[in-house]
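Peer 1: Attaching a single structure in structure tokens format; questions to follow.
Read-outs: derived from the displayed coordinates by stated rules, not from any lab. Note that this is a predicted model, so its numbers are computed, not measured. No Cβ is skipped: glycine too gets one built from the backbone with ideal geometry, and neighbour counts run over all protein chains shown.
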Amino acid sequence: MFPFRSARRRKKANRTLLSKILVWMFGPLFLLWTIGIVITYFIAQNIANAPYDRTLADHLRLLKHEVEQQHIAQGLELSPSAHTILTGDHEHPTYWSIQDANGTWLAGSRDIPLPPDWPYDTDHVHFRNAHADGRSVRIAYLWGGKDLSGQAFLTVVSETNELRATLQQEILTGMLTPQLIVLPLAALLAGLGMTHGLEPLSLMQERLRERMPNDLSPISDELAPAEIMPLVAAMNDLLARLAASTETQRRFVANAAHQLKTPLAGIRTQAELALRAPDTDSLDASLRQLIRGSERATRLVNQLLALARAEQPERAGADSVELNELARRQTLEWVPAAMRKGLDLGFDPAPDDVSVHGDALMLAELLGNLIDNALLYTPAPGQVSVRVGSDAGAPYIEVEDSGPGIAGENRERVFDRFFRVLGSDADGSGLGLSIVKEIAEQHGARIEFLAPQRPAALPGTRLRVTFPGNEDDDPYRDDAAGLEA
């Protein structure tokens, strides 16, 4: 059942835009045309009946006047003029009958059927259709006449409907023939107009087919109709995002290839030296250099992967993250590394819960890189502090160290990829703060350098990441609302 339904939906979706427009245009049009034919039929019938009914009513009043001048009991004889008028066309004569109040025949034709229930209103002509001798007839009757002796009578005249049917057919032919000619022509012209109107779509399709696979430039909207401008704008937006994603991947591959060459070359060199080592001490030194080089390569690969994840516009989720708990866990993870280097790593939580909306994994990566960067550049013995707080309702995370600090002219450049301050002998890759910047921008946070709080022999660095302070500034709010809708 479900595969059939899906196939039916796909078939319906693949129908051309032109056919869909024509169906919705001419479907209702043909329905209205059918209704118009029915209405035209009844209009033609009324138009055809009107003149013949007037003539039949005139004959009825003429016959009534003739009878009122005579005695019914003595027999009726029509005047020559009345006889000529009533006889009319020999092929289609007018039949007449005179009856009393009880429906008893008094004079004229006996074959005219009397209405089963006719009102006794005076001087009012009534019409009805009936069948007589297997033919359709139109009957008119009038009550209220009295002859010279005062006897009331019912006057009835009738004629066949053949002439009426002929006139009705002529009216229908005259009214419907132009429609039968014009409607197909209108459909043809509408189809040609639609085809011509959709020609810009065909041209756009040809241009897209001629594009190279790596051409992600915006689609030109010069020939695009106003109705599809939103579609072109949406496609250009998609192409821009795809180009950005492609550029991110290309840059990542280039950076990875460039940065991995040095540690891999060093590992190979140390391996060759180990093979040629003349003694145990030389072999141990080469092996230690191999371990150090592999650690540097591992760290670099991990940071490159973290940077690639941070650059992705899609996020795994937008949840409420409690910063105290996040910072506590991250600080505990880096305590062993701090102890190995002889540094004091501490955590100062906020007195109350501080929450932000964001991706917990990315925020953990952000704080981890801040702590790692502080531990890397702070000489022993030294201190590194992780703090969580709120300033004017804006949550923040900050990391302060007692290291050499960052000169003012380098504070903007330290967020560039692979930038390292000259004169530093720390074994870093220059990617930590770049990852912090990418994740902070995704969360709408700002990064700022502040004056250190703790006195130390060296200048120290205090780096704070401040998040939006209310839901109106929450960069995830619109995305979450869209997902809920």
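Peer 1: Please give me the summed charge of the neighbours of Arg454: other residues whose Cβ is under 13 Å from its Cβ, Lys and Arg +1, Asp and Glu -1.
Peer 2: Local net charge: -3.
Peer 1: Of Met175, Ser149, Ser136, whose Cα points farthest to the positive end of the dipole of segment 12-197 (charges on the beta-carbon: +1 Lys, Arg; -1 Asp, Glu; origin at the Cα centre)?
Peer 2: Of the listed residues, the answer is Met175.
Peer 1: Next question, about the same structure. In whole angstrom, how far apart do the alpha carbon centroids of segment 27-53 and segment 364-383 sit?
Peer 2: Here the answer is 90 Å between Cα centres.
Peer 1: Determine the distance separating the Cα centre of segment 432-452 from the Cα centre of segment 80-103; give it in Å without decimals.
Peer 2: The two parts, judged by their Cα centres, are 110 Å apart.
Peer 1: Here's something else I'd like to know. Two decimals, Cα atoms only, Kirkwood Rh: what is Rg/Rh over segment 12-197?
Peer 2: We get a ratio of 1.27 for segment 12-197.
Peer 1: Would you work out the charge dipole size for segment 99-240 about its Cα centre, treating the Cβ of every Lys and Arg as +1 and the Cβ of every Asp and Glu as -1, and quote it to the nearest 20 debye?
Peer 2: Magnitude of the dipole: close to 420 debye.
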